[in-house]
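The values are calculated or read from the model by the stated rules, or taken from the named source; none is laboratory data. Keep in mind it's a predicted model, so treat the numbers as computed, not measured. Cβ coordinates were reconstructed from backbone atoms using ideal geometry, including for glycine residues, and neighbour counts include every protein chain displayed. For accessibility, only protein heavy atoms count, side chains too; no ligands or nucleic acids. Shrake-Rupley method; radii C 1.70, N 1.55, O 1.52, S 1.80 Å.
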Amino acid sequence: MADSPIDQIKARIDVVQEIGAVVELKRSGKGYKGLCPFHGEKTPSFYVFPETGTWRCFGCGEGGDIFTFLMKTQSLTFHDALSELADKAGIPIGFTDIEFSAGSAERREHLQKLREVNEAAALWYHHQLLAANAAAKARSYLQSRGVTNETIIKFRLGYAPEHGGALQFLQEQGFPSQLIIEAGLAHIKEETGFTAEYFRSRIMFPIRDTRGVIAFGGRELGGGTPKYLNSPQTPLFDKSATLYGLDTAREAVRKEDRIVIVEGYFDAIIAQQYHFRNTVACIGSAITAKHVEIIKKLTNKLTLALDPDSAGQMATLRAIEVAQEGFDRSLVPQHLAPVAEEPRFKGKKAGKYSPLPQSPIQFEEQVNAEITIMELPDGIDPDEFIRANPVAWQQQMNAAMPLIEFAIKNIMGAHDLRNSYERLKASHELLQAIAVMADPLKRDMYVRRVASEMQLQERDAIHEMNRLRRKYAAGAAQKRSQSSTAPDGIANKYYDTDDASVAESPRSGAISERMRLGNTLEEQILSLIINYPIIAQEIYVIIEVNDFEGTETRALFSLILQASGRQDSESTASALIESSPVLVDVYERLKSMHTVQQTQDSALLARTAKQLALRLKKVRLTEAINQISVLQHEAAEQNDFSSVQALREKSFTLLAKRKRIDDEALLQT
């Protein structure tokens with residue numbers, strides 16, 4: 001059975017790298033530790049476990065996986081965290097459109113209603129920016145960024161006030177709350193269960209396709225986070241398949257036979273304002289295969305002008321990989337030089353051999369695209385560059401680097417070429433970059449250049465490049481047939497989450513068994529709650545959200561728990577679940593695990609639920625105790641006695657809790 005998108009995301013995302021961007025982590029045995037971001041502490045009690053892709057704070061008790069961490073640190077819903085991580089990992093996620101199962105006509109009608117609510121919201125936000133006193137700061141900020149009134153009107157820029165108002169306006173226009181939520185304009189707050197506006201105190205950028213507004217991006221003005229907030233994924237909007245500004249750039253792209261891709265909303269707006277109308281922006285900065293599918297219908301010439309910081313450079317490298325894979329290819333005849341030093345044999349006879357005949361021509365794939373990279377001055381974003389000197393921007397576009405030049409510059413800059421080992425590594429990476437080039441004359445020129453600059457024998461460099469070309473050709477077809485693979489090629493050294501690294505870190509049998517048992521218990525408990533809400537309180541008094549380690553089961557339990565204190569909690573839970581469509585399949589599968597006919601005895605149901613909850617609680621406590629035992633041993637080996645003492649105290653607390661669970665379990669037998 002194929003891994004779910006969530007499993008694929010976990011395999012691709014380096015949990016240490018992601019959490020390490022927020023928490024300063026230090027190696028501690030097989031894991032990493034740091035100060036917990038969720039409570040104040042002076043002695044680190046926050047640990048990350050790469051082997052299981054999880055984290056836990058033994059001080060405040062918080063824990064989970066990369067989804068949980070993102071949700072807690074950025075105050076995201078599960079749905080939004082899934083969308084963000086899927087985009088970062090390059091994993092496509094689908095939606096379960098249960099509302100549209102009645103037929104295509106009903107689906108089209110529903111999509112039209114989503115478009116209408118987005119258009120109404122865009123008009124309201126636009127009016128706020130133009131006329132509301134509360135938008136004075138937004139108007140001033142746009143002026144400081146060089147955005148003219150004509151551009152504001154052309155792109156229908158808007159403002160979402162801090163006090164809100166869009167939700168009430170849309171409801172007064174007759175749009176139901178569920179439609180507004182599904183359009184990504186509102187969401188249900190997890191703490192209260194009330195419907196709240198998605199955008200507040202933000203400059204609004206309507207995101208449009210050829211038919212109108214499908215989503216929004218918002219730039220914060222009140223000091224909040226994140227700095228830029230995009231609509232969640234909806235039936236209309238998939239940010240991995242949307243280019244901001246393409247609706248106004250499409251004709252210019254066709255006319256100039258080139259598309260220029262920048263990183264941000266302001267970059268695209270200012271570029272078009274200064275008549276560079278073939279400029280668009282990626283939403284989320286990552287170019288995807290879906291973007292390339294859109295681009296190649298308009299042009300096969302792509303110029304990347306991403307920000308010059310390290311994140312922008314990484315985005316450029318990733319974009320190169322995606323673009324090379326996504327553009328169409330053609331078979332081109334290549335003449336082969338004879339390979340006298342490497343004869344191949346068809347057999348041996350009486351000590352003699354005969355070489356296999358080799359054709360003087362073979363056909364190779366060639367990417368039908370021209371990809372160039374614009375170099376920007378350090379510390380200057382594209383919109384700043386354009387406003388300061390539009391002539392220089394045009395000159396930079398005209399002088400954009402060929403792909404290979406960009407690769408050579410980055411590879412050579414990443415190594416200390418005075419060191420022979422580093423020079424050898426750089427040479428190999430450079431030859432990898434040259435090996436994928438289609439033009440044999442350019443290949444020959446660059447391989448000789450690398451041999452000269454890297455102090456290699458020319459013959460050795462050519463031999464290695466040819467070996468890499470054979471390897472590349474053999475794996476190309478297989479690689480393209482896989483819908484989601486980690487990049488390999490000129491950018492492979494920049495990524496630590498490829499398939500190979502995952503394969504080299506198998507989980508132990510004991511860990512896998514514990515995870516299997518815990519996941520089974522989680523699903524059994526949720527199935528009982530969904531089918532027999534009357535016994536849910538028996539479970540809620542024993543376990544909490546942190547006892548669920550499965551990504552989907554934790555999110556589902558959290559949603560149901562939020563609805564538990566309200567009237568008609570079952571329908572409320574269903575509405576919450578449907579606001580995160582990826583959970584619907586899980587919900588339906590768990591619902592089908594039990595039927596009313598299986599058990600009618602309410603007392604037996606309650607006892608079964610309590611036993612399952614106690615078992616899960618004991619499993620989680622045992623895992624935490626075992627983790628602490630390992631951490632204590634590692635801390636003792638490092639003479640970190642303050643950590644040893646803190647962990648010992650926490651271990652005593654958990655052992656006492658497990659003893660109470662054992663005692664309670666005995667009473668249930």
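Close Cβ contacts (under 7 Å, 6 or more residues apart or on different chains) running from residues in segment 376-389 that are open to solvent by less than 70 Å² (accessible area, probe 1.4 Å) to residues that are among the acidic types (Asp, Glu) comprise ASP381/ASP267; ASP381/ASP307; PRO382/ASP267; ASP383/ASP267. The set of residues in segment 46-71 that are touching a residue at least 24 places away in the same chain (Cβ under 8 Å), touching a Gly at 6+ places or on another chain (Cβ under 8 Å) and outside any loop (DSSP other than H, G, I, E, B) comprises TYR47, VAL48, PHE49, THR54, TRP55, ARG56, ILE66. With respect to the stated conditions, HIS275 is modelled with pLDDT of 90 or more and in a loop (DSSP other than H, G, I, E, B). Given the structure, is ALA81 of a type in the set (Gly, Ala, Ser) and modelled with pLDDT of 75 or more? Answer is yes for this residue.
Consider segment 144-202 and keep the residues that are assigned to a loop (DSSP other than H, G, I, E, B) and among the β-branched types (Val, Ile, Thr). The one that is nearest to GLU384 (Cα to Cα) is VAL147.
Do you know which residues across segment 129-143 are in a helix (DSSP H, G or I) and among the hydrophobic types (A, V, I, L, M, F, W, C)? It would help to see each step written out before you state the result.
Of all residues in segment 129-143, those in a helix (DSSP H, G or I) come to 129-131, 133-143.
Those that are in a helix (DSSP H, G or I) and among the hydrophobic types (A, V, I, L, M, F, W, C): LEU129, LEU130, ALA131, ALA134, ALA135, ALA136, ALA138, LEU142.
Restricting attention to segment 1-10 and to residues that are among the aliphatic types (A, V, I, L, M) and surrounded by fewer than 20 Cβ atoms within 10 Å (Cβ to Cβ), the residue that is modelled with the highest pLDDT turns out to be ALA2.
Does segment 203-233 hold any residues that are assigned to a loop (DSSP other than H, G, I, E, B) and buried (at least 21 other Cβ atoms within 10 Å of the Cβ), and which are they? Answer for segment 203-233, where residues must be assigned to a loop (DSSP other than H, G, I, E, B) and buried (at least 21 other Cβ atoms within 10 Å of the Cβ): SER231, PRO232, GLN233. Yes or no: segment 27-38 includes at least one residue that is in contact (Cβ under 8 Å) with a residue 60 or more places away in the chain, more than 28 Å from ALA86 (Cβ to Cβ), in contact with a helix residue (DSSP H, G or I) (Cβ under 7 Å, 6 or more places away or on another chain) and surrounded by fewer than 17 Cβ atoms within 10 Å (Cβ to Cβ). The answer is yes, given that some residue of segment 27-38 is in contact (Cβ under 8 Å) with a residue 60 or more places away in the chain, more than 28 Å from ALA86 (Cβ to Cβ), in contact with a helix residue (DSSP H, G or I) (Cβ under 7 Å, 6 or more places away or on another chain) and surrounded by fewer than 17 Cβ atoms within 10 Å (Cβ to Cβ).
Right, LEU614: at pLDDT below 85, under 23 Å from ASN519 (Cα atoms) and part of a helix (DSSP H, G or I) or not?
Details: at pLDDT below 85: no; under 23 Å from ASN519 (Cα atoms): yes; part of a helix (DSSP H, G or I): yes.
Criteria not met by LEU614.
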